[in-house]
Structures are given as C-alpha cells and as structure tokens.
1. Take the cross-link list 319/635; 204/551; 254/502; 450/546; 60/388; 417/487 and give me the ones stretching past 25 Å between alpha-carbons.
2. Based solely on C-alpha atoms, express the radius of gyration and the Dmax of the range 230-371 in angstrom.
3. Once amide H atoms are built 1.01 Å from N in the peptide plane, which residues 5 or more positions from residue 359, or in another chain, come under 5 Å H to H?
4. Stretch residue 46-residue 121 to full length: gain in nm at 0.36 nm per residue minus the Cα-Cα span?
5. The range 384-489: percent of C-alpha pairs farther apart than 16 Å?
6. Taking all protein chains in place and a 1.4 Å probe, what share, in percent, of the accessible surface of the chain do carbon and sulfur account for?
7. Could you give the alpha-carbon Rg of the range 171-268 over 2.2 N^0.38 Å, rounded to two decimals?
8. Return the long-range amide H neighbours of residue 354 (sequence gap of 5 or more, or a different chain), with a cut-off of under 5 Å between placed amide H atoms.
Amino acid sequence: MSKKCILLITMISVILFSCGQKSSADNVAKTTENFNLNWNFYLSEKEIDFSEISKEQFQKVNVPHDWVISGAFDESLGKDAWATGYIRSQGYGYYTKEFNQEIKEDELVYVLFDGVYNNATIYINGHQLGFHPYGYSPFYFEISEYLNTDGETNVLAVKIDHSRYADSRWYTGAGIYREVSLRTANKMHVPVWGTFVTTPKVSKQEAEVAIQITLSNAFAQDQEVEVQTSFVDEDGIKIAETVNKTLVTKKAQKNIQQQVVIANPNLWEIENPSLYTAIIKVKSKGKIVDTYNTRFGIRSIEFDADKGFFLNGENMKIKGVCLHHDVGLVGAAVPKGVWRRRLQVLKDGGCNAIRSSHNPASKVLLELCDEMGILMQDEFFDEWDNPKDKRYNRWEEKSTDYITRGYGEHFQEWAHKDLKNVMLSHRNHPSIFQWSIGNEIEWTYPRNAKTTGFFDNMTWQGNYFWSEPPHSVEKIKHLMKTLPRGKYDIGETAQKLSKWTKALDTTRPVIANCILPSSSHESGYADALDIVGYSYRRVIYDYGHKNYPGKVIMGTENVAQYHEWKAIMERPFISGTFLWTGADYMGEIRQAWPTRVQPSGMINTASFPKGSYYMMKSLWTEEPMIHMATQTLEKSLYKKENGNLIEKRRTDGNIICGVGKK
C-alpha cells in the first residue's frame, strides 16, 4: 500500500472518530490558581487597624484555617459556650497575603472565597473591597483596578469580627476556613459561576444535556465571539461538541444556550457516580481568549406524593444523615482526606444522602459527594427574620445580648444575595437533589407554636415526639387567622425564599425542615415548598398524607432508631429520612462538663462507628453482619424485675422508644 493511501485512510479515520478523541483540560489555558498557601495571621482580643500589627506579630498559616480549634477547652466559659463547645473563640482575626500578579491591559483578576467565618471585611492594597457577614456563603471580588502594575507586591487583607462568639447553636470555628482561589481572565470571558448544566431528558439510551453560558464583555467595544463547548467523559474522551457564534455588546453580559444529545450516557448513580466535564472555549478573531470548565453528572430526580423518590427512574429510599461542618479536632477547616474518610465510613453503613445542616456545604464536600455517589440536601439558613436562642435552644427571649446575635441581624439585607451566591456556585453539582430554605424556623414566629396545641396547653398530656397534634386542622386554621401575626409572617418569607430559589433553578425541589408541620401546612409555609420535611414527627406521616394528599412529605430530621426506619419502610409515600446525626459534633451542649460535643451521632468525632451505626447498617444494607455491644442498665430501654429484663413503659402504658433530640 502506498504512503499516499495510508495518509488518506488516516485522515478519514480522524474525521470519522473526531467525537471519540481524547480531550483533556491539559490543552486548555489554566486561568484559576490555588490561593491557599502562605498567609499571615494575627489574632487580637480587641479591634485594631492592620497598621498596628508588626511583621513579627504575624504567624504564617495556610488556609483553610480555623483559629478557634487550637484554643483550650475552658469550663469557666459556662453557658456562653454551651452552643460552641467550651472553646473561647471571641476575637478579631487579621489575615494578609502578599503576591505578585502581572496583569495585561485586556485582563481581569478575581479573588474567590468559599467561606469566611464571619463578618469579614476584605481589602486589596489598602482599598476596601467590601463586607461579607455570612460565614457559609461563597463570595468574590474583581480586584483588577487595584493591583499594582509596576511590579510592586500586592497585599490582600481580610479582617474578621468574631466578637459575637456565641452567634450560633453549634461550633462554627472562625477564620478563612474554606478555600481561596485567584482567577485571571480576558475581558471577554465566562464570569465566575457563569455556567449552568441541566439534563432535561435522561434515559439509558440517550440524554439531552443543556448548558446555559454567561458571557461577559468588559471591553469598551462590542465583541463578536465563537463559543465552542466540548463534552468529555471521565477518561477524557470527547463524546459531543457544539459551537455558537454571537455578539456581546460592550460593557455587558449575555446568556446563550447550547444543547447536545449524548448516546448511551453513563448516568450519575449512587453506586456508579459517573461524571462529565464541559470544556468551554471562547474565541475572538480565531484566538482562544478564555476557557472555562464545568463538571456535571447526567441524572434525573423525581418525587411523587404517593410513591416517593426516584433516581434515574428507579424508586429508592433516601437513607440520609445530617452533618455539621466541623470534624472533631480539625475544627471547621476540614482537609479533603478527612471528609473523604468520614463519608466513606457513612456510605459503608448504607448512608446514601447528606443534609448540610444547617448551612450551605463547602465546595470540597460537594465535590466529594459528586465523586462518591452521595446525594446532598443543600441547606441555606438556620435563622430568618427572627433570632434563635443559642444557649438553650428554646427560649428566644434569652437570646438578646450582643454575643448571641447571629445571621438574623443580616437576613433582611443579605438573604437574597447569599442565597443567590450559594446557588450559582453550587447548582452544577449532580449530588445536590434538594434545596432547603430553612431549618426549624417555626418556633421563632410565636403564633405558629401556639396554633399547634402542643405548648401552653393545660389540657394536653401527651409528648411531642409520639403524639398527634392535639388541635384539629380546623382549629389550627382558625387560630392561624385570629392570632397576632407579628412583624414578620413565616408564609410570606418562605414564599420569598422559594421564589428566589426557583428563579435560579427549577430542576430541583424546594424543601425545608419543619419542626411544627401541623401549623406549617396552614401558615402558608408549606405552600412555598415542593416537599415538606418533618422534623421528629414520624407519628404524623399518615396525618400529613391524609390531610394534604397532594403534598410530598418526608422525614428530614429523625433519631437513629429502628421505629423511625420502620415507619418509612411501611409507607411508600415517604421518600426517606435524614437522621440526627451522622456524626457527633461540637456544641449544643446538653450535659455537664466535661462533655464538649453533642453525642447524637452514628459515628464519633473521629469517625469511628457507634452502636446506632451498626443498627442502621443492618437496616440499610443487605450485607450480612453482626455487632455486639453493651449498655448500662440505667440508660437501657429495659429494667430488671423479678430477675428478668422487661421493657420500660411510660405512664400511659406505651413502650419507651428512647427518643433523642438535638
């Protein structure tokens, strides 16, 4: 065969198999860099200016960094530290980072923070970029115009005001406790969080993949650009590609839509969480001026009011746990390897879902859930219009002093921006299957508690955990109409949050963890939700399904006990649950010193399994197993009588189930 024939065959092969060629991010210009190393840190008891700190006083740290966890446990902190776990965290944190950054005339530079706890003020070269109060939402600033162009070193500075050290009901940590990155981009570029990938139609035979791309033109002239998006699998093989040409006017942004069909897709599943990457190249005059990569998964989710939850068309139960963001002795600055181990232990026990209680998850945690096949309920807020009691967790009138005022102080001004930032930065993660707008909000609106009949009711002798509402639906409706509303209305706020959420994503349902669902169904709160989460209210699953048959309900916070799971298995209309909690966590102290953690977890702070872990594993997995454990008679659900062990019973004759509460 001649060399010309061989060359011709080779060229034809390249054309025929162009969509199967290897494509990697290695051939894409890298525009984002890790900005975690070589920070300077100083902790002050009082508020000072950066100029008052000498170079010798700074200590070298890398971020993520939690300054609280290095402190000593202190019994003298008393009730002020019940919430946070007896570690003194009060103070002002000062961070600086020096860096050199060449910037061209046609470039922009962004600095992105995944999480800073909290009340942070950001500066670049002495210029104040802005203030960010919420400790759990990501944020960024465009810093180009303030960078030195003469080769002089730049200084990025972060001041953190954590003088309100009991501002949460659990351990928060303090500092730049999540990752930081720096992005350099052409003035014609895809901005930070500028893509949204969805999968409108999914089957094992083919899937439609749609991508919304935001284009930002910071030039003073209109830009004619070509947008080429390649879709590659985990092996780097290009399986689809699409190209658009568009005009982006000067000093403006424009959204474009692209869509491809992928044959025989590898679906994102619990046991096989396949992932893809969309590699976007923006070309101007034939030259690549910007690249932007987005990882995503192909999967479908569906909730049915009668049949429960479906992933990729298959009915399954959500075997979830609630997790706080600290991991024992590493505090809130959790290394990726530590998270990976914790998640693997939980998954080995049958867990397939996490609820990020009660705040948005970190980028690192979401990436791991994507990779490991773990569903995620991403939760926005623990406080809305009114504050929660941080010390006692039930008496809001005692939460009025300076140190306990938390995010409720900022909710009116910042809730929309924080919710938007979270969603824009998180919505491409296939692991996220629910957006939760709030946790146990009802008791901060007084009339909601009064309508249920559980509290301040002299004629009711039951217990909240195993009793149905003492008031009928009709009476709850009547009281909801006649009791004073207060300054803020829970239904109106819920509608606002739900509207903001659906403006950015309609592919996932809106849910909330409702501690008083019998009132929430009538207050307008449940009307704002696609799914009503019941918190410790398994005894009214049938009540909810009967009285509100068109509404999807599920457990979103329950104790790790057999009867909780039995109630779900017996009811197809209950999709599953999130147990409180997957792991022990610091704060919410309910026992005497030296207890420093909330021991409600299935695993301890070091991620070693406890008794409840093995019990739930026996229920959640098909794997044969045996586990032996002991219990003191005092804590046991049994008692000795005439030499025999018999079940303890309540005064009404029912067996004690052993209910725990956070």
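The values are calculated or read from the model by the stated rules, or taken from the named source; none is laboratory data. Quick caveat: nothing in here was measured; it's all calculated off a predicted structure. Every residue, glycine among them, receives a Cβ derived from its backbone with ideal geometry; neighbour counts consider all protein chains shown. All accessible areas refer to the heavy atoms of the entire protein, side chains included, with ligands and DNA or RNA removed. Shrake-Rupley method; radii C 1.70, N 1.55, O 1.52, S 1.80 Å.
1. Too far apart for the 25 Å limit: 319/635; 204/551; 60/388.
2. 19.3, 56
3. Those lying under 5 Å, H to H, from residue 359 are 379.
4. 25.4 nm is the gain from fully extending residue 46 to residue 121.
5. On the way: 3890 of 5565 pairs.
More than 16 Å apart: 70 percent of the Cα pairs in the range 384-489.
6. That fraction is 50 percent.
7. Details: Rg = 17.4 Å, N = 98, 2.2 N^0.38 = 12.6 Å.
With N residues counted in the range 171-268, Rg over 2.2 N^0.38 Å equals 1.38.
8. 321, 375, 376, 377
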